[in-house]
1. Would you mind checking the pairs A:Lys3/A:Lys44; B:Lys274/B:Lys549; B:Lys82/B:Lys269; B:Lys448/B:Lys816; A:Lys112/B:Lys741 and listing those with alpha carbons more than 18 angstrom apart?
2. Nearest 500 deg cm²/dmol is fine: what mean residue ellipticity at 222 nm does chain A get from its DSSP H runs of n ≥ 4 alone, each adding -39,500 (n - 2.57), divided by its residue count?
3. Report the FRET efficiency, 1/(1 + (r/R0)^6), for B:Met545 and B:Arg473, where r is their Cβ-Cβ distance and R0 is 41 Å, rounded to 0.05.
4. Looking at the protein assembly as shown, I'd like the Rg to Rh ratio, where Rg is from alpha-carbon atoms and Rh is Kirkwood's inverse mean 1/r.
5. List the residues whose amide H sits under 5 Å from the amide H of B:Ile641, counting only those 5 or more places along or on another chain, with H placed 1.01 Å from N in the peptide plane.
6. Can you compute the FRET efficiency between B:Leu368 and B:Thr37 using 1/(1 + (r/R0)^6), with r the Cβ-Cβ distance and R0 = 22 Å? Round to the nearest 0.05.
7. What percent do you get for the relative contact order of the stretch B:73-293 when only Cα pairs under 8 Å and 6+ apart count?
8. Could you pull out every residue, at least 5 positions away or on a different chain, whose amide H is within less than 5 Å of the one on A:Asp55? Hs are placed 1.01 Å off N in the peptide plane, and Pro or chain starts have none.
Amino acid sequence: MIKTKGLVKVYRTDEVETTALNEVDVEIKQGEFVSIMGPSGCGKSTLLNILGLIDNPSGGEYHFLDHEVSNYSERQRSNLRKNNIGFIFQSFNLIDELTVFENVELPLIYTKVGSKERKERVDEVLEKMNMMHRRNHFPQQLSGGQQQRVAVARAIVNNPKLILADEPTGNLDSSNGDDVMKTLVHLNQEGATILMVTHSQYCAEFGNRIIRMLDGQVVTENVVQQYL
Amino acid sequence: MSRVLPDYTGHLIHAIQHIMLKNNLKLAIRHLQNSKTSTLINVFGLALGLAAAFFIWQYIRMENSYDQFHDKADRIYRMTLKFYGQGRLEGHDAMNVAPLGPALAEDFPEVESYVRFTPEYGRTVFKYGDQQYEEEKMYYADSTLFEVFDFPLIEGDRKTCLTRPFTTLLTESVAERYFGPRASWTESPVGKVIRVNNRGDLEVTGILEDVPENSHLKFNMLVSFNTFLVTNGDPTQQWGWNDFFTFVLLRENVDPAAFAAKLPDFNKKRFVEKTEGFYSEAVMQPLLDIHLNSKLGYEAEPNGDGNTVYFLFLIGIVVVIVAWVNYINLATARAEERAREVGVRKVIGANQGTLVAQFLTEAFLVNLVAILLAVCLVQLGQPAMDTLVGKTMPSIFAGPTVWWLLPTLLLAGTVLSGLYPAFFLATFSPAKTLKGEKQRRGKGVLRKGLVTFQYAVSVALIIGTVVIFLQLRYMKNQDLGFALDQQLIINAPTSLDSDSVYRAHYQSFKMALNNIPEIEQIGASSAIPGKKYLDIDAHGGIRMMSADKEKNVTFKGFVMDEGFLEVFGMELLAGRNFSDEMSTDKDAIILTESALPMLELEDPESAIGKTVNYQGSPRSIVGVVADYHHRSLQHAYEPMILRNSGSNYLYFSLGLAADNATEVSTLIGKVEQTWSRFFPNNPFNYFFLDDHFNEQYIADQRLGNIIAIFSSLAILIACLGLFGLASYMVTVRTKEIGIRKVLGASTAGLVGLLSRDFLLLVGIAILIASPLAWWLMDTWLENFAYRIHIQWWVFALTGLVALSIAFFTVSLQSVKAALANPIDSLKSE
Ligand SMILES: Nc1ncnc2c1ncn2[C@@H]1O[C@H](COP(=O)(O)OP(=O)(O)OP(=O)(O)O)[C@@H](O)[C@H]1O
Ligand SMILES: [Mg+2]
């Protein structure tokens, strides 16, 4: 599903040039649940953004679903992204001015789903995330855990093939964090491919593979021993 | 309640104390620097608004200062004349009858003095040595002039300079034409003798300063009234000859209302009602009301318009408010941005007073810079503004006004624009702001209201501008009933000659001109469409020969020769033109169509051949012409009687061939050569009628220009505000934009999303402004006898323009935001 070769990302500011990604090769297959770990500033988020088609790499190749997308325009990336990828962020990134329902509904609006179907699907995922009773609340009226559940609902409402999560549990206590992880595992079992950045070894081990990064490079990849 | 008040007063005192602190100033400057865009917008917008207001203020001051320079201005009244025919008010003229002044002085001890002015009709050519010029605006005035008025006299004796016959006062500019620049006068022009119209002499008895711009009565020379008595016949017993502006000076402590109450009896006694229903009344009008509030018949000069001044005053205030509104809007917006900072400060221990002071200091700085900039703008723009208004306006920065005006504005600006954001911010709850919670969800009602207000004002002004220019275009394109183009008009010569000699002279001049192929027709007349309305005469006591005295009516009219109708291409509805061949035609008249009903004539055909009793002498109707616009389209058609008798022509009109290829200057050269052969002692002055006729619209054109400028300013300032708000809005919504983008929103969709709210406000503004503007402009249009009716598309077009401008302004910000990389905004949390 995802395959990169020699992926490079260089940030240029006025004075300094930061190489955030340095020749990164990763491959992720359909149905995998992959965790990315590494010290702060090593390039995890940068990689996730590129893989999530939010940003373009400075060099290298990126194959996403058989498209070579490294030189795609914003519009092309946007099209691929909204139909195939769902995002979960550490800081939830819900829109304060919209209700829970409206937040979750957004991706469906952008993929031009009809309003009746939108309502059904939003209700369905809110039910699944156990947020139905809060559908008319605003994000600031919710706890952190609840907000993240809404964010997850929004990420999956379009049934994306790929879910990208950047430290989804970073702002949550361990019990709320566990809930989110369980949801991700569940989604993975239902067929979604998941790529998650995390600082926590505990969380990382919910996946089936861990990619470790350092200074913009992938150092090791190891398969998690599934003990159940 | 009682607890709140002292609390806030406390803040204020605290705030004012803090303004003084240097630390505050430093912080304020740093804050202003940090938000460069909004600071620039604030300063620039305020400066523009203030500059506009300063200009308007200057203009209003100028208009309100008319005739104030006379020491006794508040005790001077003009006596105007209302006249009634068949019991109905027929007219109200600015000029009165000559015996009125003396009669008032005789009957009423309240009258301290009076003075009469009467204009010289016809041509005035002055000659001194070999200097010869045609002069304008010569008036005869009573020797009591300086008892009433204070026109500044440079040389001469205020008491005696207008007593003897054949004496005159000259204004400085006129004197300089004949005696050279005043600085180089070795001996005074007083005592020198000037030849007038080659037939009489006037001795100069004094020099006046040029009549100030702000005098409703403007003259270039004043000849003693005694001269008039000798040369023009004695009007002093004539209660029907109203050619005399009459001003009375009431004694100090006389109650004008009480005096006015005595006038009806006086009128009954003095204006004898010879025929039942035909009588006149003298009416009092304060001198200081004349310029802005008087539009009577035969005004000395076109007066100003009080409503326009009042309207401009409103615009001026509104423009400043619009600019202050910008400050409030942007400052409040920024206040929200700074909520977190304020929260932190409060937690650390800052009290509300400190914060209020901080904001007031910023407002103070912005207002200060803006005022200074506005002063510069006014200085730079002054010449352009004077041209626009057509007057030299005294600067408001000259004189003592500036010492209270600017500080007051600064204080008012600081408090008005600084207080609201200051308290708004200072009352933020630190707990909420620190949590990042927005203050008062869904608010900004005030801000939205203010933006709507700004735009409504702009839209109304644009509609006003459009309507004014449409009306002007309509008037200029209307069929006037005569040919306006290709008319070269020459001021006719003055002459001593008898009628027949003059006519013979004119006929040979005409023959000579006929040899110039470019000239197609030639006519002569005592009035010209669009030229001085005073040239037209009004004669009362006119009725059909067979009718009773009660049917007497008053007609406007003038004298013309047979060429006039041809030159002006006027349409004969019945009968014939005057003819030089027919000696009986000196008693013939031609009516305009609208004169028929006044004489109870049915239609043009039946009028021909009938005889009119023209003030006692029989005149036969030989023709009827279609109505035409002698004056601008502001006025309705006037019924007129055109006469053929006499030779008091003031204008020769030459109709030029439409397709002649001759240079204008060559042609005029030829005409001038011919002229000097026949009228060697007369200056050659000419003009083209079309230029002249359209000058009647100058006042409206100016009003249009002024409003156009201020509406552009208003919309510019409103856009500055919109731009600032949009940039604020974009900052606040950066995260939302980023999220939406990640979720797949398109650029166009985002731009639409960001612009929608603003466009909605502008839409509401258009809905508010349109009916208001319609009402205002419809009222204005009622001033015109021939007017447009405002079409729906004016509103649609204006709305569209306003929306586009707003959309463009907001786009400058929203497009940038929509194109930005979402990662940056998402990370910022
Ligand atoms: N917009 C940017 N401009 C310049 N440099 C950037 C930008 N974004 C990221 N970087 C730099 O690129 C490097 C990688 O950043 P990235 O956000 O990918 O790190 P990370 O591994 O996600 O760290 P963390 O665990 O703290 O989130 C860092 O050195 C960072 O400073
Ligand atoms: Mg990161």
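Coordinate-derived values only; no laboratory data. It should be emphasised that the depicted structure is a prediction, and the values quoted were computed from it without experimental measurement. Because the Cβ atoms are built from the backbone with ideal geometry, glycine has one as well, and the counts that use them run over all protein chains shown.
1. Numbers: A:Lys3/A:Lys44 16 Å; B:Lys274/B:Lys549 10 Å; B:Lys82/B:Lys269 15 Å; B:Lys448/B:Lys816 23 Å; A:Lys112/B:Lys741 15 Å.
Pairs exceeding 18 Å: B:Lys448/B:Lys816.
2. Counting only the DSSP helices, I get -10000 deg cm²/dmol.
3. Numbers: r = 46 Å, r/R0 = 1.11.
Computed FRET efficiency for B:Met545 and B:Arg473 comes out at 0.35.
4. Numbers: Rg = 42.5 Å, Rh = 36.6 Å.
That ratio is 1.16, to two decimals.
5. B:Lys556, B:Gly557, B:Phe558
6. Numbers: r = 19 Å, r/R0 = 0.89.
With R0 = 22 Å, the Cβ-Cβ based efficiency is 0.65.
7. Working: 449 pairs, mean separation 79.6, N = 221.
Relative contact order here is 36 percent.
8. Here A:Ile50 satisfy the definition.
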